[in-house]
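The values are calculated or read from the model by the stated rules, or taken from the named source; none is laboratory data. Only a predicted model underlies this, so the values are computations on that prediction, with no experimental measurement involved. Please note: Cβ atoms are built from the backbone with ideal geometry, for glycine as well, and neighbour counts cover all protein chains shown.
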Amino acid sequence: MIDAPATASSQHDHDDLARIDHYELANIEGMNAEKDLSIMLPDSNFTEVEYLHTYMDSKQLNKSVQKNLFPNMFAGITFEYTSEYVMKFDYSIFNGPTKCRNCLVAIHKGSDCAKPKGRYWKKSDIVPKNPWTKRNGAVLKTDSDGKGSGTMEEFSNGYTFDENLDHVVAIYDGHRLFAKNPMKRAKMIACGVLKTVV
């Protein structure tokens, strides 16, 4: 996490998603229209900054490793680069865990959800410690319906746009990935691979 303070917001009403600057709502291909499940994508007319985006669900997880706790969950995350190493990210979650206050999100070293590998970051002057932690603000929030959206400002994992491209990004049902008690360890519940917005 860089020195500038991070802020996060959550629990917008669904209609509020369309009000975030430079974004428009787009239906997810193949989803049941009756469920009104939509996600934010950068406006194609706005090209002054670079974006990485992924759709995330539980269907891509390795079933032999991860139990599918939220089979109908899906999410979208967009990383907007504001400088070479600094980004902000917007997220939306549907049908996820309810009232989650510390659902960890992390970019991983791997490029396959079945083999995500470790959390992806590089130590530098602006990233002195692993940014993918609760302490450094890499957590998402949901409401009583398992829905959430928000923005994290001024975030960095020490890598550029191109270096984060094609890496796995995952959401967990908590933030304690290495709790001593296995029953309390956070489980990966959604996963996707970062791609450019076209």
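Data overview
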{"quantity": "Selection within segment 79-108 - in a loop (DSSP other than H, G, I, E, B) and either surrounded by 23 or more Cβ atoms within 10 Å (Cβ to Cβ) or under 15 Å from the mean Cα position of the chain (by Cα) (or both)", "calculated": "ASN95, GLY96, PRO97, CYS100, ARG101, ASN102"}
{"quantity": "Given (1) surrounded by 20 or more Cβ atoms within 10 Å (Cβ to Cβ); (2) over 19 Å from HIS53 (Cβ atoms); (3) of a type outside the set (Asp, Glu), number of the condition SER149 does not satisfy", "calculated": "(2)"}
{"quantity": "Residue check for ALA179: in contact with an Asp or Glu (Cβ under 7 Å, 6 or more places away or on another chain) and at pLDDT below 95", "calculated": "no"}
{"quantity": "Per-region count, segment 109-120, residues buried (at least 20 other Cβ atoms within 10 Å of the Cβ) and at pLDDT 95 or above", "calculated": "1"}
{"quantity": "Segment 154-183, residues that are within 15 Å of LYS117 (Cα to Cα), touching a residue at least 12 places away in the same chain (Cβ under 8 Å) and not in a strand (DSSP E or B)", "calculated": "ASN164, ASP166, HIS167, LEU177"}
{"quantity": "Members of segment 134-146 that are part of a loop (DSSP other than H, G, I, E, B), within 14 Å of the chain's Cα centre (by Cα) and buried (at least 17 other Cβ atoms within 10 Å of the Cβ)", "calculated": "GLY137, ALA138, LYS141, THR142"}
{"quantity": "Residue match in segment 67-78 (condition: touching a residue at least 40 places away in the same chain (Cβ under 8 Å), more than 12 Å from ILE189 (Cα to Cα), among the charged types (D, E, K, R) and out of contact with any helix residue (DSSP H, G or I) (no Cβ under 8 Å at 6 or more places or on another chain))", "calculated": "no"}
